[in-house]
Amino acid sequence: MLAHPTLNHLSAMGLHGMARAFTDLAERADADGLSHGEWLGLLLEREVAHRQDKRLSTRLRQARLRHVATPEDINWKTPRGLDRPLFSALVQGAWIDAADTAILTGPTGVGKSWLACAIGFQACRDNRSVRYVRAPKLFADLALAQLDGRHIRMMRSLCSVKLLILDDWGMTPLDGQQRRDLMEIVEERYGRTATLITSQIPVDRWHDVIGDPTYADAVLDRLVHNAHRINLSGESLRRSKHQKTGAKTVD
């Protein structure tokens, strides 16, 4: 078999996974004993795996997740009141396709951001577009975008992503422009795309964070109504990590 022309053709067609598999198979001692169908099957398997890995890398790069977290790494024994059936359902992602909202609340250090990123990681695996943003930085970036002409483009990007993870929500009260930006994001995403929010602030205090009663009622009606809610509790896992030298904990 003419190896080099075949490799050139595969590379020219963008079949890089098959090209690498072709080289690996040719070096196997049992290569001559494989049927044409077995060769083709192995080449296709490698190409599919290559494309899946490339797609995941692209999704993760675009998501900008704060933590490298996967559902497999969750420590279910950590005492923080994590509802395992509900969280497992969030990981599976049907709620994302249904354009629902999920809310994770609890004190600092119990792993809200980490768990949110684990959900985001699985969503990337499942070829869903994801974007992670911290609420304080989001509003600062939107304010800057107002000045340099990027505001419309930035809002369009935030509103179109399949899963938006809004982390550290409610740290400070919103001003007028922040309320308007939040309302636009929530309105554009409502019923079309999914949003995951983490916050140290209990949901019953979000009205005060938003400030203006009219905006607060409109935003919370869309975010909180029928949301999947997990309220975490317990001590900071960061503190436990420092106290137990060498112990593996999940932030």
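The values are calculated or read from the model by the stated rules, or taken from the named source; none is laboratory data. Predicted model only: the values in this text are computed from it and were never measured. We place every Cβ from the backbone using ideal geometry, glycine too, and count neighbours over all the protein chains shown.
Please find, within region 134-158, the residue that is modelled with the highest pLDDT out of those that are crowded, with 17+ Cβ neighbours inside 10 Å and in contact with a Lys or Arg (Cβ under 8 Å, 6 or more places away or on another chain).
Among those residues, the one meeting the criterion is ARG134.
In region 189-200, what count of residues is obtained for those that are crowded, with 19+ Cβ neighbours inside 10 Å and either among the small types (Gly, Ala, Ser) or outside the structural domain of LEU115 (by TED's automatic domain parsing) (or both)?
2
Restricting attention to region 132-154, report how many residues are out of contact with any helix residue (DSSP H, G or I) (no Cβ under 6 Å at 6 or more places or on another chain) and either of a type outside the set (A, V, I, L, M) or within 29 Å of PRO202 (Cβ to Cβ) (or both).
Residues in region 132-154 being out of contact with any helix residue (DSSP H, G or I) (no Cβ under 6 Å at 6 or more places or on another chain) and either of a type outside the set (A, V, I, L, M) or within 29 Å of PRO202 (Cβ to Cβ) (or both): 14 in total.
Looking at ALA69, ALA21, ALA63 in this structure, which one is at pLDDT 75 or above, out of contact with any strand residue (DSSP E or B) (no Cβ under 9 Å at 6 or more places or on another chain), of a type outside the set (Lys, Arg) and surrounded by 17 or more Cβ atoms within 10 Å (Cβ to Cβ)?
ALA69
Let me confirm something: among SER11, SER35, which residue is outside the structural domain of ARG125 (by TED's automatic domain parsing), farther than 25 Å from ASP126 by Cβ, at pLDDT 70 or above and surrounded by 13 or more Cβ atoms within 10 Å (Cβ to Cβ)?
Only one candidate qualifies: SER11.
Okay, residues lined up against (1) within 20 Å of ALA116 (Cα to Cα); (2) touching a Leu at 6+ places or on another chain (Cβ under 9 Å):
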{"residue": "ASP141", "(1), (2)": "no, no"}
{"residue": "LEU144", "(1), (2)": "no, no"}
{"residue": "HIS151", "(1), (2)": "no, yes"}
{"residue": "VAL161", "(1), (2)": "yes, no"}
{"residue": "MET183", "(1), (2)": "no, no"}
{"residue": "PRO202", "(1), (2)": "yes, no"}
{"residue": "ASP208", "(1), (2)": "no, no"}
{"residue": "ASP212", "(1), (2)": "no, yes"}
{"residue": "ALA227", "(1), (2)": "yes, no"}
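Does at least one position in region 40-59 carry a residue that is among the small types (Gly, Ala, Ser) and under 23 Å from VAL203 (Cβ atoms)?
no
Out of the residues in region 163-181 that are in contact with a Leu (Cβ under 8 Å, 6 or more places away or on another chain) and of a type in the set (A, V, I, L, M), which is farthest from ASP217 (Cα to Cα)?
Per the stated criteria, the residue is LEU163.
Within region 203-236, track down each residue that is touching an Asp or Glu at 6+ places or on another chain (Cβ under 6 Å) and in a helix (DSSP H, G or I).
If the condition is that a residue be touching an Asp or Glu at 6+ places or on another chain (Cβ under 6 Å) and in a helix (DSSP H, G or I), then no residue fits.
Can you go through VAL209, VAL186, VAL219, VAL203 and tell me which one is surrounded by 14 or more Cβ atoms within 10 Å (Cβ to Cβ), more than 24 Å from the chain's Cα centre (by Cα) and under 18 Å from LEU104 (Cα atoms)?
Only one candidate passes the filter, namely VAL209.
Scan VAL186, VAL224, VAL209 and give me the residue that is out of contact with any helix residue (DSSP H, G or I) (no Cβ under 7 Å at 6 or more places or on another chain) and not acidic (Asp, Glu).
Exactly one of VAL186, VAL224, VAL209 is out of contact with any helix residue (DSSP H, G or I) (no Cβ under 7 Å at 6 or more places or on another chain) and not acidic (Asp, Glu), namely VAL209.
Within region 195-202, identify whether any single residue is at pLDDT below 95 and not in a loop (DSSP other than H, G, I, E, B), and answer yes or no.
no
With the structure loaded, tell me whether ARG128 is in the same structural domain as TRP206 (by TED's automatic domain parsing) and surrounded by fewer than 17 Cβ atoms within 10 Å (Cβ to Cβ) or whether it fails that test.
No; evaluated as a whole, the condition is false for this residue.
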